[in-house]
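The values are calculated or read from the model by the stated rules, or taken from the named source; none is laboratory data. Everything numeric in this text was worked out from a predicted model, so none of it was measured. Ideal geometry is used to build each Cβ from the backbone, glycine not excepted, and the neighbour counts take in all protein chains shown. Heads up: the accessible areas ignore ligands, DNA and RNA and are worked out on the full protein's heavy atoms, side chains in. Shrake-Rupley method; radii C 1.70, N 1.55, O 1.52, S 1.80 Å.
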Amino acid sequence: MRLKDKVAIITGAGRGIGQATALKFAREGAKVMVCDINQDWIDETVKLCKAAGGDAIGQVADVRDMKSLEAMVKSTVDKWGRVDCLVNNAGIVADAQLKNMTEEQFDRVIDINLKGVYNCTKAVVNKMLEQQSGVILNASSIVGLYGNFGQTNYAAAKFGVIGMAKTWARELGRKGIRSNAVCPGFISTPIISSVPEKVIHALEDRVPMGRLGKPEEIANTFAFLASDEASYINGAVIEVNGGLTI
Ligand code: NAP
């Protein structure tokens, strides 16, 4: 098992890519803290992890709220004594073309997708420094690399988390802490459920592999990066998109 006895916190783990990541980590032997804003989805993910023979607990925490994050990290450390990996996965969209985007839409996406990543990492970094080991993984997006129609706010946040991953790779590398960003293409999860079917088909046509990605395919990437097999991968930005951007 790739992640045997490693302790991992995964944000936004109630569904989508986060849930698939929690499940993958649990199957690979990790002890998983399932963090989300929805208790029912947390319970569901914890149940799935346990059914797969893994070890998991869950706690509601909003990545905008430092107090809830500190409490969630404390629960993790009280239970398992350490934090080996943080997957900064929680994220939202609030799309509109620039001319129509409201300040509220812009701020909401920045607060969760950008500042949320900063908040979570602040909440775990001292523990990782004390351990002199750890892995930080930021969920970015191909939109953070190339931009996308109607996603000024999302592109800004996803570009920002790449910058933070690289900064932490420089700041923390000598302390035994690695930091990387993963840029998924279009993945079949609830976040893209609002995209019209016609647009989904058009997207599929643009992917050389002819299909959208599966949450498990991003989860596999996070699991590899969290494992010791990725021990020299630091400050990397890894695209997982079926060839969409070539
Ligand atoms: P998802 O299915 O919507 O799951 C995201 C999870 O994060 C949801 O359970 C969500 O809860 C939770 N969340 C939202 N706000 C939160 C907060 N303030 N604090 C804690 N948790 C919060 O999304 P996904 O498609 O799995 O995406 C996961 C990550 O990958 C995101 O960062 C996304 O931007 C990125 N990504 C996704 C795609 C894609 O095509 N799916 C592509 C590139 C990058 P609610 O549902 O209640 O909001």
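Once you put a point 7 Å from the Cα of Arg64 and another 7 Å from the Cα of Met209, both along the Cβ direction, what distance in nm separates them?
About 3.4 nm, to one decimal.
If you average the C-alpha positions of segment 140-213 and of segment 10-47 separately, how far apart do those two centres end up, in angstrom?
20 Å
Defining a contact as two alpha carbons under 8 Å apart and six or more residues distant in sequence, what relative contact order in percent does segment 35-167 show?
Values: 182 pairs, mean separation 33.3, N = 133.
Relative CO of segment 35-167 lands at 25 percent.
Starting from the alpha-carbon convex hull of the chain, give the projected area averaged over all orientations, in nm².
Working: hull surface 50.6 nm².
Convex hull of Cα atoms, orientation-averaged projection: 12.6 nm².
In Å², and per residue, what accessible area does the chain have when probed at 1.4 Å with the other protein chains present? Can you show the working numbers first?
Values: 11610 Å² over 246 residues.
The answer is 47 Å² per residue.
Using the alpha-carbon atoms, what tilt in degrees (0 to 90, nearest 10) does helix 16-27 show relative to the longest principal axis of the chain?
30 degrees
Take each of the peptides 230-238, 173-181, average the number of other beta-carbon atoms within 10 Å over its residues, and list them starting from the highest.
On the way: 230-238: 14.9, 173-181: 19.6.
Most protected by this proxy first, the peptides run 173-181, 230-238.
Below 8 Å, C-alpha to C-alpha, sequence gap of six or more: please give me the relative contact order for segment 68-141 in percent. Don't jump to the answer; show the numbers that get you there.
Working: 61 pairs, mean separation 36.1, N = 74.
Rounded, it is 49 percent for segment 68-141.
Taking the highest mean first, how do the peptides 221-229, 112-120 order by number of other beta carbon atoms within 10 angstrom per residue?
With the highest mean Cβ count within 10 Å placed first, the list reads 112-120, 221-229.
Relative to the longest principal Cα axis of the chain, at what angle does helix 152-172 sit, 0 to 90 degrees, rounded to 10?
30 degrees
What pairs from Lys115/Lys166; Lys127/Lys214; Lys50/Lys74 go past 25 Å between their alpha carbons?
Too far apart for the 25 Å limit: Lys127/Lys214.
For the chain, what is the mean residue ellipticity at 222 nm derived from helices alone (per DSSP H run of n ≥ 4: -39500 (n - 2.57); sum divided by total residues; nearest 500 deg cm²/dmol)?
-14000 deg cm²/dmol
What order, most packed first, do the peptides 18-29, 183-194 have when packing is the mean number of other Cβ atoms within 10 Å of each residue?
On the way: 18-29: 25.5, 183-194: 17.6.
Order by mean packing, descending: 18-29, 183-194.
On alpha-carbon atoms, Rg over Rh for segment 155-210 using Kirkwood Rh?
Rg divided by Rh gives 1.18.
If one takes the longest principal axis of the Cα atoms in the chain, at what angle in degrees, from 0 to 90 and to the nearest 10, does the Cα axis of helix 116-131 lie?
Approximately 30 degrees, to the nearest 10.
In nm, to one decimal, how far is the Val199 label point from the Leu98 one, both placed 7 Å along Cα→Cβ?
Label at Val199, label at Leu98, 1.9 nm between them.
Out of the total accessible area of the chain (probe 1.4 Å, heavy atoms of protein only), what percent is carbon and sulfur?
Ligands and nucleic acids excluded, carbon and sulfur give 51 percent.
Give the relative contact order (percent, whole number) for the chain; include only Cα pairs under 8 Å separated by 6+ residues.
RCO, the chain: 20 percent.
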